[in-house]
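In what follows, a single structure is set out as structure tokens and then discussed.
The numbers here are math on the coordinates, done by the rules we state, and not lab data. Everything numeric in this text was worked out from a predicted model, so none of it was measured. Don't worry about glycine lacking a Cβ; one is built from the backbone with ideal geometry, like all the others, and counts go over all protein chains shown.
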Amino acid sequence: MLRENEELGPSRWFLRGARGIFSLPALILMTSFVGFAAFALEAGISRGEAMFMTVMVWALPAKMILTGMLASGAHVAAIALAVSLSSIRMMPMVASLVPEIRSARTPVWLLLFLSHFIAITAWVFTTQNIGKVPRQHRTAYFAGFGMTLTLTNTALVGVCYGLVETFPPLVAGVLFFLTPIYFFASIWATSRQPVLRLAFVIGVVTGPLLALIVPGFDVLIAGIGGGTLAYLIDRFFVSRRGQTGQHGAAS
Amino acid sequence: MAGEYWVYGVILVAGWLATDIWRWLGVLAGNRLDENSEALKWVRAVATALVMAVTAKLIVFPTGSLEASPLWLRLCAAGIGFIVFLVSGQKVIVAVATSLILLASGLYFLDP
């Protein structure tokens, strides 16, 4: 069966990736983009601008900041700074995916191009599914998923703009809650190594706490500091103990 | 009108460039990492902690219509959903359904 998979051409793997548009994470993300279309209208952003933003920026948190600050008439430099801060998190996400997506022959320009389609949902989906794809077809698979997801949501923002002015509060609240709950469960299910589960727990606890103490830098500190802490704990306590005896359940 | 095109320029500079520059740096950094290296293990830990910090903040400090809902309701809905998820053999759909039903019923009954 593995051999059969390897015989499929890159275009077939591109299509298999594209089929990921019907997965649970993709559908959840699409509801978030319907919400974004409503928010863009409310903020006074035009349909064309909202679509352009979706295809060019892609990361939803960055777009929410961009839209909110555009609406309040902030200075370009201030907007660029705020968006940059929220997007620094792209760097470790991309850096952790690249070694899994590329093969020895993948050119750097292709990775630079494909990296545009990475945001949280694509990161979660790819981490979960890329292991099943033969190495030489992984870029095609990711391109299929990432590009389909971005373009579908761009179209969705265009179609839904003005369609829903605002959701009833109960519906809007439940839709908003969908994304974090989905990430909680699916990222835990994907993080099989003890070090990742430690990082998960540390991130969950320190993110909101640091938001109270150092607003603006909370996510960065929770990520870099929390991730490093998880790595060190794992390296000096968990892994060492694991070498001498059997690992317990990885939780 | 010049004013309208100006917005597209802002989106390019303050949106696209400000975001993609980090993705490109990620590619350059990640391209040097070996798949089984300790460095990649660390990068994965950082990425996971970072994503979870963002996610937890969405629950603790939501924007929009959830802003008015009580924190305990959001924490209970998320927490109980996660526990049910762990107990039920880690079915993602179970977590999503449990949490959303708890949140929706809470919002419905607390609505004055």
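Structural remarks
- Peptide A:50-58 has a mean of 4 when you count, residue by residue, the C-beta atoms of other protein chains within 10 Å of its C-beta.
- Taking Cα centre as origin and charging only the Cβ of basic (Lys, Arg, +1) and acidic (Asp, Glu, -1) residues, the dipole magnitude of chain B rounds to 260 debye.
- Kirkwood-type radius of chain B, with distances r between different C-alpha atoms, in Å: 17.9 Å
- Taking every DSSP helix (H) stretch of at least 4 residues in chain B, weighting each as -39,500 (n - 2.57) and dividing the sum by the residue count yields a mean residue ellipticity at 222 nm of -24000 deg cm²/dmol.
- Long hydrophobic helices in chain A: the complete DSSP H runs spanning 24 Å or more by Cα along their own axis with mean Kyte-Doolittle hydropathy of at least 0.0 are A:24-42, A:138-160, A:169-190, A:194-213.
- Protection proxy ranking, peptides A:203-212, B:82-91, A:113-122, A:98-107, average beta carbon neighbours within 10 Å, highest first: A:113-122, A:203-212, A:98-107, B:82-91
- Separation of the residue B:13 and residue B:28 label points, Cα + 7 Å toward Cβ, nm: 2.2 nm
- Each principal axis of the protein assembly as shown carries a Cα extent, and these read 64, 49, 40 Å when sorted largest first.
- Residue-averaged beta-carbon neighbours from other chains (10 angstrom radius) around A:119-132: 1
- Peptides B:41-53, A:177-189 ranked from most to least packed, by the mean per-residue count of other Cβ atoms within 10 Å: B:41-53, A:177-189.
- Working from label points 7 Å from Cα in the Cα-to-Cβ sense, the residue B:87 to residue A:22 distance is 3.4 nm.
- Contact order normalised by residue count of chain A, Cα under 8 Å, 6+ apart, percent: 28 percent
- Relative contact order of chain B, taken over Cα pairs closer than 8 Å and 6 or more residues apart, is 14 percent.
- Net charge, residue A:198 excluded, C-beta distance under 13 Å - Lys, Arg +1, Asp, Glu -1: +4
- Estimated 222 nm signal from helices in chain A, with DSSP H stretches of n ≥ 4 weighted -39500 (n - 2.57), rounded to 500: -23500 deg cm²/dmol
- Listed by chain and number, the lysines whose alpha-carbon sits under 27 Å from that of residue B:41, ignoring those within fewer than 8 places in the same chain, are A:132, B:57, B:91.
- Three semi-axes describe the equivalent ellipsoid of region A:2-190; taken as square roots of 5 times the Cα gyration tensor eigenvalues and ordered largest first, they are 31, 19, 15 Å.
- Most fluctuating residue given options A:136, A:193, A:128, as computed from a GNM of chain A linking Cα atoms under 10 Å: A:193
- Normalised by residue count, region B:64-112 yields a Cα convex hull volume of 65 Å³ per residue.
- In a reduced charge model with +1 at each Lys and Arg Cβ and -1 at each Asp and Glu Cβ, the protein assembly as shown shows a dipole moment near 1100 debye about its Cα centre.
- Across peptide B:68-81, the mean count of Cβ atoms from other chains lying within 10 Å of each residue's own Cβ comes to 2.
- Each Lys or Arg adds one and each Asp or Glu takes one away; over the other residues whose Cβ falls under 15 Å from the Cβ of residue B:39, this sums to -1.
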